Each structure stands twice: as C-alpha cells, then as structure tokens.
Amino acid sequence: MGESDKNMDQENKLSNNNGDQIVPPNNKIIERTIVKDWEREIQKGDDIEKYWAMEAEQLDWFKKWDEVLDDSEKPYYKWFVGGKTNLAYNAIDRWIKAEKRNKIAILYTNERGDEIKLTYYELYREINKMANALRNLGIKKGDTVCMYLPMCPELVISMLACTKIGAVHSAIYSGLSSVAIVERINDIKSKVVITADGTYRRGKIINLKSVIDEAMLQCPSVQTVVLVNHTGRYNDVADLRGNEIFYERLIEGEGDTCYSEIMDAEDPLFILYTSGSTGKPKGVLHTTAGYMVGISTTLRNVFDIHDNDLWWSTGDAGWITGHSYTIYAPLLLGSTTLIYEGAPDYPDPGIWWEIIEKYGVTKFYTAPTAIRHLMRFGKKYAKSYNLDSLKVLGSVGEPINYEAWKWMYEEIGKNRTPIMDTWWQTETGMHMIAPMPVADLKPGSATKPLPGVHIAIVDEEGVEVENREKGYLAITQPWPAMFRTLYNDEQRFEDVYWKFFPTGYYKTGDMARMDEDGYVWIEGRSDDVLKIAGHRIGSVEVESAFNSHPAVNETAVIGKEDPVKGQLIKAFLILNEGYNLSMPYKEGYTSTLREELKRHVRHSLGPVAVLGEMVAVDSLPKTKSGKIMRRILKAKEDGENIGDTSTLDDL
Ligand code: PRX
C-alpha cells in the first residue's frame with residue numbers, strides 16, 4: 001500500500017465515525033519510537049516502586065535513595081526517601097559535561113520575529129550568574145521567589161536559578177491581575193519578585209510593570225523587585241524606585257559558576273496557584289525528586305523524545321504545562337525547547353505554522369482551545385507551510401472535541417502524525433492518562449493510564465462502577481510527581497483530595513467513563529470549577545469578584561458551552577436597588593453597568609475570566625441551608641430536567 005493509499009484509508013476511517021474509531025498509528029513513528037509495545041510498556045508499571053526506581057536511575061543523584069516510597073503517613077506520601085539531588089543540576093549541569101554542551105537548549109522567538117538561542121553551556125552560565133545574584137540578595141534554600149514574567153529566556157533562567165540554589169519559585173501567569181498577585185505573594189511571603197516592563201501581544205506591548213506597581217502597594221514582604229527590561233521601555237536607572245533593580249544590573253559582575261544546593265528528594269521545588277471550588281486559590285506544592293522523575297519519564301514516553309528533536313510546547317510557564325513540559329522536562333532530557341511569546345493569530349493565523357516550518361519543529365504540544373480558535377480562520381494558513389518536520393502532536397487542558405481533533409490530524413499532522421491527548425492536572429504534575437506514539441488512538445480519549453499510574457472510575461464510596469458507567473475519576477496509587485500539599489492549607493489538601501472516598505484514593509475532580517477497550521473518556525468536572533480556554537477558574541472566585549462591586553447583591557455563575565473557549569462564564573446577578581445592567585452605571589458614566597461589571601471582574605481576575613453573558617434575576621436557587629445550587633441553573637440552561645428540587649428554598 002502506497003503512502004497516499006494509507007492516508008486515504010485513515011481518512012475513510014475518520015470520516016465514518018463519531019470519534020470512537022481506532023486510528024492506526026504511523027508506521028514511521030513505530031520504527032523510530034523508544035517504546036515498541038504499548039501494552040507491555042504499561043505492564044512494566046504494575047509494580048510502582050520497581051518501575052519508578054528504574055526510571056529514577058536515568059537521572060543523577062548526589063546520593064541514591066534509601067526507600068522508593070514511604071506511604072506510612074498517608075496522604076503525605078514521600079518518594080525516593082533519603083535521596084539527594086538537584087533538578088537544575090540534572091537539567092543543565094550534567095549536559096555541559098558531555099556532548100550536549102553546545103547544543104541549543106532554548107530557542108526563544110516572538111511575534112516580532114526576534115530570536116534568541118542559548119546553548120546548554122550558555123544557559124548554564126546565565127543560570128549561574130542569576131543564582132549567585134539571588135544568593136547575594138539573601139535568598140537561601142527554602143525561601144520563596146515570585147516571578148511575574150512573560151515567556152522569555154529570563155523566566156527560564158530565573159526558575160532554574162532558584163532551583164539551583166534551592167529557593168522555591170512561584171510563577172504567576174503574566175495575564176493575571178494585581179489582585180491575584182497580591183493574594184499569591186502574601187500567601188508565600190516572597191522577598192524577591194522578578195518581573196518585566198512588558199510583554200508583546202498582538203502588536204502591542206502590555207505593561208506588566210504597572211500591574212506589579214499596583215500589587216507592590218500591598219505586598220510588605222517584598223524587599224527587592226528585579227526588572228527585566230524586556231521591551232526596552234526603561235532607559236535609565238532613574239526610572240526605577242528604591243527597591244527596584246534591573247535584571248542586567250543585578251547579574252553584572254556575578255561569576256558564571258555556582259554550586260548546586262544539595263536538595264533532599266522531598267525538599268519543596270515550587271508552588272503554583274490554581275483554582276478550586278472555593279474563592280481562595282490553592283498553592284499546589286511540588287517537591288524535587290519525584291517531580292523530576294515523573295515529568296522526564298512521561299515526556300520521553302509520550303512524545304518519544306530523541307536527541308535531534310525540536311520540541312515546542314505552547315504552554316505558558318505561568319501554568320503547570322509550562323513548568324513541566326515547556327521548561328523542565330525537555331531540559332531534563334537534553335532536548336531543545338522552543339519558547340514562544342505571543343498570540344497564535346498575530347501577525348496572522350499562520351504564525352505557528354510559519355515557526356514550525358522555519359525551525360523544523362518535530363514535536364508540537366498545544367491546547368484544543370487554540371486549535372479551535374485557529375480553525376475559524378480556515379485551512380489556508382496551515383496549507384501554506386511545509387509541516388513535514390512534525391512527527392508527533394499533543395493536546396492538553398480539556399477534552400479535545402472530534403472536529404478539533406480531525407482538523408489537527410488532517411491540517412497540521414497531514415494524516416501522518418499521531419496526536420497524544422494527555423490528561424493530567426496542576427496537582428498531578430505529570431501526564432497521567434496518555435498514549436504513546438505506538439498506541440491505537442480514539443479521537444477524544446486520552447487513552448489509558450501511563451506505566452506506573454493506576455486509576456479507577458468509582459462511585460462516591462470509592463467502589464469501581466459497573467458496566468462502564470460514568471463515575472468519579474480516581475487515582476488509586478501514589479505517583480512520583482504528585483503534589484505534596486496545598487501551601488498553608490493542609491486541611492484543604494486532605495479534605496478535598498484524599499478524604500472524599502473512604503478508600504483513600506485521590507479525587508481528581510473529573511468525571512469519566514472507561515470503554516470496553518479500557519480507554520478513558522473525560523466527562524467534565526464534578527466540582528464547581530470552570531474550564532475557560534483550558535484554564536481553571538472557580539465559580540466562587542468569579543462570584544466573589546462580582547459581589548465585590550457595589551451594584552451587586554449576589555451572584556451565581558455557571559459555565560456555558562462555547563465553540564472556541566470550551567466554556568464561557570454565564571453570571572446570574574441579583575442587583576442592588578436602582579441598578580440595571582443596560583443603563584449607565586452611574587450618573588456621569590457613559591458605560592453601562594454590564595460593561596462596568598465586565599471591566600471590574602477582569603480587573604479582579606485578569607483576562608482569564610472571559611465573560612459570556614450576564615443576566616439580572618430576582619432570586620437564585622438555594623438549598624435550605626442557603627447554598628447556591630449552580631447545578632440547577634446549569635441544568636436549566638442546558639434544557640435538562642432539573643430533577644428533584646425538594647431541598648430548594650426558592651426557584
Ligand atoms: O478537567 C481536567 C482538564 O483539566 C483539569 C486540570 O486542569 P489544570 O490543573 O489547569 O491543568 C491543565 C494542564 C494539565 C483536569 O482535571 N484536562 C486536562 N487535560 C485534559 C483534561 N480533560 C480532558 N482531556 C485532557 N487531555
């Protein structure tokens with residue numbers, strides 16, 4: 001069978017089905033891939049301790065572990081107990097001793113076409129300078145450092161510099177608001193914040209410094225603000241305030257060698273905030289060795305990373321995908337990682353494909369929402385570029401709908417490249433359910449748990465559901481990259497994740513079902529967390545933002561399906577006396593209350609909170625104890641039967 005016949009065959013299979021059809025993988029990939037037999041590879045992980053210990057051998061240790069897993073204080077699991085290592089050492093230092101020394105580690109580009117390439121050796125020296133500078137600022141092992149930076153080389157350098165000296169970093173997505181920054185910095189009490197003057201976005205420069213300036217008014221712990229003059233806005237030291245210093249000035253004169261802090265396997269590595277079902281963001285804490293083993297193993301298995309790959313993950317380092325798979329895992333594998341700053345549709349919707357062609361990207365990892373966005377501009381952009389270098393594609397963040405899968409498969413992968421749909425979470429740190437390039441794929445399913453990962457679909461008692469029904473997705477055994485706690489909130493860590501099922505399984509917060517072939521299908525969240533353009537946002541967070549406005553008495557928000565973003569926020573608002581959404585907000589205002597509220601919520605939560613609709617209502621459905629029943633609003637919105645409402649106070 002010739003190449004074109006093979007494509008035809010795959011195309012026929014694709015067009016005949018509703019997303020459940022098995023797609024045969026590409027033969028060339030099978031020849032190349034490290035993993036030849038998917039099922040056998042999965043079986044290797046039956047004994048989790050044996051499997052993860054074998055994988056841990058691939059990394060460098062200052063001292064080997066005494067025990068692979070300590071589960072004596074559940075749910076506070078410990079991995080590689082007694083082991084001593086350093087992630088930055090494994091990601092950078094060990095490569096410069098060997099043949100990868102002059103290989104490009106990071107390739108930065110942006111929407112203006114600027115380009116910065118840093119070899120492992122160059123990156124090593126930059127990291128060392130920054131690590132020395134941070135030590136000189138008084139940062140020691142265990143101290144926290146915050147970053148509010150765009151995707152730029154200094155972000156990678158700063159994160160790895162922290163890791164090298166044992167400081168715990170906390171990166172804040174550069175699209176979040178000053179309110180979010182204050183909340184996070186005050187929770188972890190950082191002494192140092194690293195930020196930039198601005199970031200490039202759709203031909204404009206977004207001012208980040210003004211957001212930090214506003215936040216700093218309420219962050220007493222911060223002693224030093226380090227400013228990367230990324231867009232060249234500041235010309236003079238005179239532009240800076242007393243506790244601000246230019247990044248360039250900070251590292252000036254610093255030596256380019258620096259010892260790596262000897263880290264205990266369980267020493268904290270970073271804290272990353274994410275949304276939950278209450279208003280307060282959760283500080284997800286990851287530790288050193290298990291995280292390092294988990295992310296490097298999964299990237300290698302799922303994306304079949306080889307020495308000559310050019311890896312591109314579009315995940316911003318303000319989110320977990322950026323931490324695990326844009327920065328750390330590719331460097332741990334000695335690969336080259338492309339870092340892009342900009343939107344997918346600027347200067348035009350072909351920019352991503354232009355970059356893939358220009359640099360010869362081989363593995364490309366992105367989110368369904370981005371694909372759906374680009375689909376709207378038609379096929380002509382992807383068709384104008386040669387995307388033959390691509391070998392494996394990946395998807396993350398939400399279930400990929402069949403249309404987006406098909407478009408990605410046909411237009412980007414040209415019917416040749418398999419799509420790795422990876423299910424995981426900020427809390428899991430690493431891919432959990434995902435195929436490998438030799439797997440048979442079913443569009444829309446992340447397939448099966450990876451080796452060393454054990455899951456079950458269970459009922460509220462933690463008992464496996466029967467007949468392939470829908471149930472709670474639970475993880476039944478610990479995994480190395482698991483988060484260790486919620487910073488400053490151990491009770492919530494235990495209650496939300498570990499005490500829900502009497503069996504002590506980890507509760508993911510997702511509903512799922514498993515089909516007859518053992519493939520997992522994610523069926524939405526079981527809690528009040530929305531997924532907007534792949535980003536998590538809690539209903540309560542959005543409601544609190546609305547409620548903090550003087551015109552609003554009470555709010556309930558739900559997710560409303562959207563063809564591009566997945567979900568948008570729909571808000572039901574009880575307004576205070578005298579307010580109307582369509583009327584000017586106040587005397588002397590030209591904007592309506594609707595516009596004012598949109599601005600207000602965006603200011604509180606940042607552009608992540610994309611508002612779809614707002615409606616004013618007289619009352620909200622509540623339980624007798626006064627809890628808002630969003631489920632009822634959602635069911636009504638979706639035209640479903642709203643079921644038993646006997647516990648409702650009001651409808
Ligand atoms: O609901 C699942 C969805 O995203 C949630 C985790 O969100 P976050 O911590 O922000 O991490 C996103 C990047 C890892 C999950 O609980 N999710 C993530 N990936 C998938 C997914 N849902 C379906 N399929 C996926 N591949």
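Throughout, read-outs are computed from the coordinates displayed, never taken from laboratory work. What you are looking at is a predicted structure, and each value in this text was computed from that prediction instead of being measured. Because the Cβ atoms are built from the backbone with ideal geometry, glycine has one as well, and the counts that use them run over all protein chains shown.
Tell me whether segment 529-650 comes out rounded, prolate or oblate; compute the Cα gyration tensor, take square roots of the eigenvalues as a ≥ b ≥ c, and use a/c under 1.5 as the rounded threshold. Note, shape of segment 529-650 comes out oblate.
Between the listed residues Ile172, Ile532, Ile522, the Cα displaced farthest toward the positive end of the dipole of the chain, a dipole computed from Cβ unit charges relative to the Cα centre, is found at Ile172. Applying 0.36 nm per residue to the separation of Tyr259 and Tyr402 and subtracting their alpha-carbon distance, the gain on full extension is 46.5 nm. About its Cα centre, segment 529-650 has a charge dipole of approximately 420 debye under the convention of +1 per Lys or Arg Cβ and -1 per Asp or Glu Cβ, with nothing else charged.
Amide H contacts of Val145: Val168, His169, Ser170, each under 5 Å away and 5 or more positions distant or on a separate chain (H built 1.01 Å from N in the peptide plane; Pro and chain starts excluded).
The length gained on full extension between Asp638 and Asp527, counted as 0.36 nm times the residue separation minus their Cα-Cα distance, comes to 38.2 nm. Given the options Gly315, Phe246, Ile185, identify the residue whose Cα lies farthest towards the positive end of the charge dipole of the chain (+1 on Cβ of Lys, Arg; -1 on Cβ of Asp, Glu). In the chain, that residue is Phe246.
Highest mean first, the peptides 281-291, 297-307 sorted by other C-beta atoms within 10 Å per residue fall in the order 281-291, 297-307. Under a model in which nothing but the beta-carbon of Lys, Arg (+1) and Asp, Glu (-1) is charged, the chain shows a dipole of about 1260 debye around its Cα centre. The overall shape of the chain is rounded: from the C-alpha gyration tensor, with semi-axes ordered a ≥ b ≥ c, the ratio a/c is less than 1.5.
Put +1 on the Cβ of each Lys and Arg and -1 on the Cβ of each Asp and Glu in the chain; which of Ala456, Phe546, Val156 then has its Cα farthest toward the positive end of the dipole? My answer, from the dipole projection, is Val156. Across the chain, Cα pairs under 8 Å and at least six residues apart give a relative contact order of 13 percent. Cβ-Cβ distance of Ser389 and Arg233, R₀ of 30 Å, FRET efficiency by 1/(1 + (r/R0)^6): the value works out to about 0.25.
Each peptide in 550-563, 625-638 gets a packing score, the mean of other Cβ atoms within 10 Å over its residues, and the list from highest to lowest is 550-563, 625-638. By definition, a body whose alpha carbon gyration tensor gives a ≥ b ≥ c is prolate when a/c is 1.5 or more and a/b is larger than b/c, and segment 38-181 fits this prolate description. In a reduced charge model with +1 at each Lys and Arg Cβ and -1 at each Asp and Glu Cβ, segment 87-261 shows a dipole moment near 440 debye about its Cα centre.
Ranked by the mean number of other Cβ atoms within 10 Å per residue, highest first, peptides 334-340, 455-461 order as 334-340, 455-461.
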